[in-house]
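Undergrad: Handing you this structure, nothing more for now.
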Amino acid sequence: MKKNSFALLLLLIFAGSAYSQYQVIYQPPANRTIQTIASFSNTQNSHTGFYLSLSGNQVSVSPPYWIRFFRNNNTWSSNPHNNFLAGTVCFNGTGGFAFSSTAEIRRSPLDTNFFLTRFDWIACNNFEGGYRNKITRNSGAAFSDVSNVGLYDMDIDRINDSIIYGVGAEFLGPFKFWSTTNRGSNWSSVSLTGSAITIGKLKINPLRRGEIYFSVNQTLYRTTNAGVNYTQLYVFSSVVNQLELDPVDSSIFVLTQNGNVFRSVNAGSNFTQAANVSLSRILFTPENHLRLYGAAQNGLYISTNGGVNWALYFDNFSGSSVVNGIVKYPNDGDTVYASNSTGLYKIWASVIGINQISTEVPSSYSLSQNYPNPFNPETKIRFSIPGKSVAQTFLSVYNVLGKQVAVLVNQNLQPGKYEVNWNAADYPSGVYFYTLKAGDYTETKKMVLMK
């Protein structure tokens, strides 16, 4: 795929000093109004802000650069709860500490106001590091420390968010498996082999909620009774950096710190390694579990067959091509967000193949019937933009249930005649509808995919 055929919509415009890497970018709950995008931190100058520019809407952002997107009115805001995110004020402890970054966020799938965070900290005076947790039940308006509990990673039950599991070390104490049944008011723990510097990851099986997978450094385990008893599944050559379970078939994905990608389709009895790819993070597409995105040192990768094979998807970033965060919203077509060390980008692939086939200025909008039709797996769609003005143009594909399955065009187009290619290799046979929206014009036509 040609990198210059993708659209870049988001740019972060920085002023003053250099900025640290992104801190958090994560998958928000489905069907929610408030969708949190990312949090940044400026370690060089905590008083310097920057601007987020989104299609002409400029948002002023101040430390610690928490950015939110409101899907109901398509607007952005920033820093809704600065004090909850982080700060630079030292507090009492061995040497005194300041939270330096928001390293993990886990928001309830049921309640967008309820979430947990892990903060990594640095010492204000003496060298010392570690992590702490905070919890809020009203989206950060009020929050509290999770006392005497150290959650390096955690997961909230998607059916009953009173149930939370986690792994980590209480400050300078032993590594433990943690659990709560009352939204974090009280916690139980089981000691595991590991120390204060042990790294652990945890994930609840989305299909069998009593089954929890967790790692302790390089070793992967499974428990069905909150860590009281557990079974060793596999020992990797490097520390587990990310642990994910396929939401449809419970396939296990493990990313290790050396960049290797492993996949198990038999509950961890054995793993196969994805060849020729090195990733630091993966993300499932909410509507299609076979479509995954991967963050890498040289750009954004994609898999369309459940993580078996990967291909470079996009690397045309300003500055560094190192992707350190990705997010995919439900029901958002093929749009995906990715961040590098200096920016947050909105990327979509279906503009590949869009060609201006004539510079003649049409007298009116028009949408032609796709050809061929029926088709397998590719078809072409032609449309015209008249000479009134530059128009924000949307060309989307929907299934028979009215669900948007692809966004073919989402950009400002000059007047002219255009042709777009849609490759439906990843979609099932059936009837689809495509809709052109530009200015006050809307038109829909039907097409048939036959495999």
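Undergrad: Carbon and sulfur together cover what percent of the accessible area of segment 214-336 at a 1.4 Å probe radius?
TA: 43
Undergrad: Over the heavy atoms of LYS176, what accessible area does a 1.4 Å probe trace out, to the nearest 10 Å²?
TA: 30
Undergrad: What is segment 103-260's relative contact order, in percent, from Cα pairs under 8 angstrom and six or more apart in sequence?
TA: 13
Undergrad: Further question on the same structure: Could you give me the radius of gyration and the Dmax of segment 200-246, taking only the C-alpha atoms into account and expressing both in angstrom?
TA: 10.2, 28
Undergrad: What residues of segment 421-451 lie in the reach of a label at ASN309, counting those whose backbone N is under 19 Å from a point 7 Å from the Cα along Cα→Cβ?
TA: Taking a point 7 Å out along Cα→Cβ of ASN309, the residues of segment 421-451 whose backbone N falls under 19 Å are 423-428.
Undergrad: Could you work out how much longer the chain between VAL400 and SER429 gets when fully extended? Use 0.36 nm per residue separation minus the Cα distance between them, nm to one decimal.
TA: Numbers: separation 29, 0.36 × 29 = 10.44 nm, distance 1.13 nm.
Gain in length upon complete extension: 9.3 nm.
Undergrad: Summarise the accessible area of segment 412-451 (1.4 Å probe, protein heavy atoms) by the percent that is carbon and sulfur.
TA: 50
Undergrad: At a probe radius of 1.4 Å, what is the per-residue accessible area of THR193, in Å² to the nearest 10?
TA: Result for THR193: roughly 120 Å² accessible.
Undergrad: Solvent-accessible area per residue for segment 134-191 at a 1.4 Å probe radius, Å²? Mind dumping the intermediate values first?
TA: On the way: 2400 Å² over 58 residues.
I get 41 Å² per residue for this part.
Undergrad: Shifting gears a bit: Take ARG107, ARG208 and sort them by solvent-accessible surface of the protein heavy atoms, 1.4 Å probe, largest at the top.
TA: Per-residue accessible area, sorted high to low, gives ARG208, ARG107.
Undergrad: Report the FRET efficiency, 1/(1 + (r/R0)^6), for GLU419 and LEU290, where r is their Cβ-Cβ distance and R0 is 30 Å, rounded to 0.05.
TA: Working: r = 28 Å, r/R0 = 0.94.
Working from the Cβ atoms, E equals 0.60.
Undergrad: Please go through the residue pairs LYS403/LYS437; LYS134/LYS328; LYS328/LYS437; LYS203/LYS328; LYS403/LYS446 and name each one whose alpha carbons sit more than 21 Å apart in this structure.
TA: Result: LYS134/LYS328; LYS328/LYS437 exceed 21 Å.
Undergrad: Could you state the per residue volume, in Å³, of the convex hull enclosing the Cα atoms of segment 209-325?
TA: 105
The values are calculated or read from the model by the stated rules, or taken from the named source; none is laboratory data. Since we're looking at a predicted model, the values are computed, not measured. So basically every Cβ, Gly included, is an ideal-geometry build from the backbone, and we count neighbours across all protein chains shown. For accessibility, only protein heavy atoms count, side chains too; no ligands or nucleic acids. Shrake-Rupley method; radii C 1.70, N 1.55, O 1.52, S 1.80 Å.
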